[in-house]
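The values are calculated or read from the model by the stated rules, or taken from the named source; none is laboratory data. Every value quoted in this text rests on a predicted model; they were computed, and no experiment measured them. Please note: Cβ atoms are built from the backbone with ideal geometry, for glycine as well, and neighbour counts cover all protein chains shown. In case anyone asks, the SASA skips ligands and DNA or RNA and just uses the protein heavy atoms, side chains included. Shrake-Rupley method; radii C 1.70, N 1.55, O 1.52, S 1.80 Å.
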Amino acid sequence: MIDSTYVVPMTAARPGIASERAARIARYFGLPARATSGPESPRDPTPLPWLGDLLPRAGRITLLTGPSGAGKSTLLKALARKLRGRSVRLDALPLPALPLVDCFPSLTLEETMRYLARFGLAEAWTCIRTARQLSAGQRWRLKLALALHNHPGKVLLADEFAAMLDRVTAHVVTLCLRKIVRQTGARAILATSHNDLIGTLDADIHADCDFVRLRIRARQTDAQ
């Protein structure tokens with residue numbers, strides 16, 4: 001499958017410069033010294049016409065990569081605004097005060113156990129616990145499972161994707177997510193600074209941030 005790669009400026013997606021000293025530092029490093037507060041905010045109405053290029057189609061995944069502070073979270077927030085309620089943010093998803101086996105009432109017990117197993121949550125002592133009794137990594141995986149199951153028509157937005165997981169578990173969960181998205185026609189936009197997940201995720205749209213520019217690679221079927 002042929003890919004198309006193009007570069008767009010991220011200037012409008014960068015936070016503003018709050019002081020003259022900060023502006024001097026920005027100039028020293030060749031960064032634009034803007035006096036605004038972020039993309040498409042009340043104090044910065046500058047549109048980002050290329051944002052639509054980052055929206056995945058059904059059964060597709062968009063991956064935002066780049067070092068910490070490069071603009072991934074800012075882009076994710078701008079995409080959430082563009083989706084206008086048609087997305088679910090993983091970090092904002094509430095967890096039910098129920099044992100894990102009771103968190104999916106539309107599934108039979110056997111189906112629930114199989115589904116939890118896909119996220120590494122089917123161990124005996126794990127699936128009978130409530131979310132409050134789980135580790136931070138387990139709670140993150142439970143949120144992912146709930147988001148994919150309970151919000152099938154919405155775009156999943158996940159910042160710092162799999163950041164709190166050990167790398168083996170991160171790859172296993174990534175493979176699981178990719179399979180579910182392909183099978184169900186779900187859509188996901190993920191942001192991570194861990195480049196080791198790029199190959200595992202095999203995203204359909206990959207946008208790499210470098211503070212000033214955004215390099216977008218899209219499979220030909222997803223290119224606008």
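Is it fair to say LEU175 is more than 21 Å from THR5 (Cβ to Cβ) and either at pLDDT below 95 or in contact with a helix residue (DSSP H, G or I) (Cβ under 7 Å, 6 or more places away or on another chain) (or both)? So LEU175 fits the description; yes. Filtering region 142-177 to residues that are open to solvent by 30 Å² or more (accessible area, probe 1.4 Å) and within 19 Å of ASP102 (Cβ to Cβ) leaves LYS143, HIS149, ASN150, HIS151. The residues listed here are ARG139, ARG182, ARG215; of these, the one that is over 28 Å from LEU100 (Cβ atoms), surrounded by fewer than 21 Cβ atoms within 10 Å (Cβ to Cβ) and among the basic types (Lys, Arg) is ARG215.
ALA170 meets each of the listed conditions (1) without any contact (Cβ under 8 Å) to a residue 40 or more places away in the chain; (2) out of contact with any helix residue (DSSP H, G or I) (no Cβ under 8 Å at 6 or more places or on another chain); (3) of a type in the set (A, V, I, L, M, F, W, C) apart from (2).
Residues of region 179-187 include at least one that is over 21 Å from GLY120 (Cα atoms) and either at pLDDT 95 or above or not in a strand (DSSP E or B) (or both). Listed by first and then second residue, the pairs with beta-carbon distance under 8 Å, at least 6 apart or on different chains, first residue in region 14-33 and under 16 Å from GLY71 (Cβ atoms), second assigned to a helix (DSSP H, G or I) and modelled with pLDDT under 70, are PRO32/THR11.
Within region 58-74, being open to solvent by 60 Å² or more (accessible area, probe 1.4 Å) and part of a loop (DSSP other than H, G, I, E, B) holds for ALA58, PRO67, SER68, GLY69.
Taking the criterion of being farther than 20 Å from ALA191 by Cβ, assigned to a helix (DSSP H, G or I) and not charged (D, E, K, R), the residues of region 75-116 that qualify are LEU100, VAL101, LEU109, THR112, MET113, TYR115, LEU116. Got at least one residue in region 80-101 being hydrophobic (A, V, I, L, M, F, W, C), closer than 30 Å to LEU48 by Cα and crowded, with 21+ Cβ neighbours inside 10 Å? Looking through region 80-101, at least one residue is hydrophobic (A, V, I, L, M, F, W, C), closer than 30 Å to LEU48 by Cα and crowded, with 21+ Cβ neighbours inside 10 Å. Residues that are in contact with a strand residue (DSSP E or B) (Cβ under 8 Å, 6 or more places away or on another chain) and touching a residue at least 60 places away in the same chain (Cβ under 8 Å) are absent from region 118-139. Please go through region 188-207 and give me each residue that is in a helix (DSSP H, G or I) and buried (at least 16 other Cβ atoms within 10 Å of the Cβ), ordered by number. Correct list: LEU197, THR200, LEU201.
Scanning region 165-224 for residues that are over 16 Å from LEU64 (Cα atoms) and acidic (Asp, Glu) yields one hit, ASP166.
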